[in-house]
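The values are calculated or read from the model by the stated rules, or taken from the named source; none is laboratory data. Since this is a predicted model, take the numbers as computed values, not measurements. Note that we place each Cβ from the backbone using ideal geometry, even for glycine, and neighbour counts take in every protein chain shown. Side chains included, ligands, DNA and RNA excluded: accessible areas come from the protein's heavy atoms. Shrake-Rupley method; radii C 1.70, N 1.55, O 1.52, S 1.80 Å.
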Amino acid sequence: MFRNRTGAACATLFTALLLLGACAPTEQAPQSDATVFEGATVIVGDGSDPIENAVFVIEDDSFVAVGAAGDVAAPAGAARVDLSGRFVIPALIDTHVHLQVDREGLIDDLKRRAYYGVGAAMSLGHDDGDAAAAVREAPVAGAALALTAGRGITRHEPGRSEAPYWINTAEEGRAAVQEIAAANVDILKIWVDDRGGQYDKLTADLYGPIIEEAHEHGLRVTAHIFTLEDAKGLLEAGVDSFAHSVRDMDVDDEFVAMVQERPNVVLMANMGARGAYEDMSWLSGTLSGEALEATQAAHEERPEAHESFGIQARNLVRLHEAGMKIVMGTDGNAGWRPHIEMRDMVESGMSPHDVIVASTGDAAEFLMLHDTGTVAAGKSADFVVLEANPLDDIMNTRMIESVYLRGEEVDRAALSAGWVGGQ
């Protein structure tokens, strides 16, 4: 009996201990905040060879590791995303746009760019409000970053935009630079163009002091140009970049030599109208039916544009081959335009890989966006997932599966529904 009572007591105690253990909190391994993306071919954006079967890790808003499978250790407990068969490029960077100046319109512009895989855009010379600077300092979730040149400088151009400073003397030019510098802009824009003989244009005695004053304030200067003669004069005056290439004739040996003597001068390609038919139905996700019809009408065959495009195409390739740094810029305000521009750069003779670098890593370097532009550890997690290889066909940059900006996926479906839903 004694043994039976003792056994029963032990059984009761054992059961109680089990119940107590079941009620006690269970200690679990901490979950990681990281996300691991596996299996894609990564085009880094710096000109290096693509990484096949890549693995990259994102934590918070940054890449923390990028490499081939087997070279990157996945953090324990990290979420995983299978990108097998996909291609990853850095988010595109457009160095020349003209954004809306009111905050609501500006944010819509930046979200349209995000939808098409653009991570940053610089508005050149028509920002006469403070919206662009404010959004630059406080980026909007799901939207591209904004940069701004504030108000640019030109001669009097009645009938065109009144946003730029209109100047007639060197003193007025220097005073305008001082006001622009005080606005903490990212670059200074000048126009050196008579618009086909319609206006007087900035001449060397005007743009020379402007460039000098800008450099004294730590500002780089980019110039809208048209003629080879003006491009040479601007190089002699110390201009830092061209917002368009030479468009009146093929560049000559003298200009090429001048460029090679100034390796830090940058060219925004800005190819302009090609004058060839293109099916624009791929824009149906962001344009209403009426807007899509208008866009299609602007992309019909236009033989009168062929000669101008041919000049720019030949100049682009010659300057690229001469070693001039090329970056992607589109002008205007179409968020999808980078994909047209990149195609035109390839058709001019640049390789798809060089065009992607011009549109990502080199563009980021030019805009001094040192934490983006490439898929690399320590950089902001700004990237585009594509369904097909853009190195085989640059038009595959339009085959977007997803876009990530600052580590967060852009809700492209919601954006599209907001723009074209119910129409």
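Observations on the structure shown:
- Looking only at region 259-281, and only at residues there that are part of a helix (DSSP H, G or I) and surrounded by fewer than 16 Cβ atoms within 10 Å (Cβ to Cβ), the one that is modelled with the highest pLDDT: Gln260
- Being more than 27 Å from Ala231 (Cα to Cα), of a type in the set (Lys, Arg), surrounded by fewer than 22 Cβ atoms within 10 Å (Cβ to Cβ) and modelled with pLDDT of 95 or more holds for only one residue in Arg398, Arg343, Arg314, and it is Arg398.
- Output for region 135-178, where each listed residue is at pLDDT below 95, small (Gly, Ala, Ser) and either in contact with a Gly (Cβ under 6 Å, 6 or more places away or on another chain) or open to solvent by 40 Å² or more (accessible area, probe 1.4 Å) (or both): Gly159, Ser161
- Contacts under 8 angstrom Cβ, first residue in region 139-156 being more than 11 Å from Gly119 (Cα to Cα), partner surrounded by fewer than 20 Cβ atoms within 10 Å (Cβ to Cβ) and among the β-branched types (Val, Ile, Thr), 6 or more apart: Val140/Ile107
- Residue within region 203-218 that is among the β-branched types (Val, Ile, Thr), under 18 Å from Ser123 (Cβ atoms) and crowded, with 16+ Cβ neighbours inside 10 Å present: no
Here's the yes/no breakdown for (1) more than 24 Å from His126 (Cα to Cα); (2) without any contact (Cβ under 8 Å) to a residue 60 or more places away in the chain:
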{"position": "Ala294", "(1), (2)": "yes, yes"}
{"position": "Ala305", "(1), (2)": "yes, yes"}
{"position": "Ile311", "(1), (2)": "yes, no"}
{"position": "Arg318", "(1), (2)": "yes, no"}
{"position": "Gly329", "(1), (2)": "no, no"}
{"position": "Gly332", "(1), (2)": "no, no"}
{"position": "Val346", "(1), (2)": "yes, yes"}
{"position": "Pro352", "(1), (2)": "yes, yes"}
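- Lone qualifier among Val246, Val251, Val256 - being among the β-branched types (Val, Ile, Thr) and outside any loop (DSSP other than H, G, I, E, B): Val256
- Test: Ser284 is open to solvent by 40 Å² or more (accessible area, probe 1.4 Å), touching a residue at least 12 places away in the same chain (Cβ under 8 Å) and either out of contact with any Cys (no Cβ under 6 Å at 6 or more places or on another chain) or farther than 30 Å from Arg262 by Cα (or both): yes
- Against the test of being in contact with a helix residue (DSSP H, G or I) (Cβ under 9 Å, 6 or more places away or on another chain) and farther than 24 Å from Ser416 by Cβ, the options Gly105, Gly117, Gly129 yield a single qualifying residue, Gly129.
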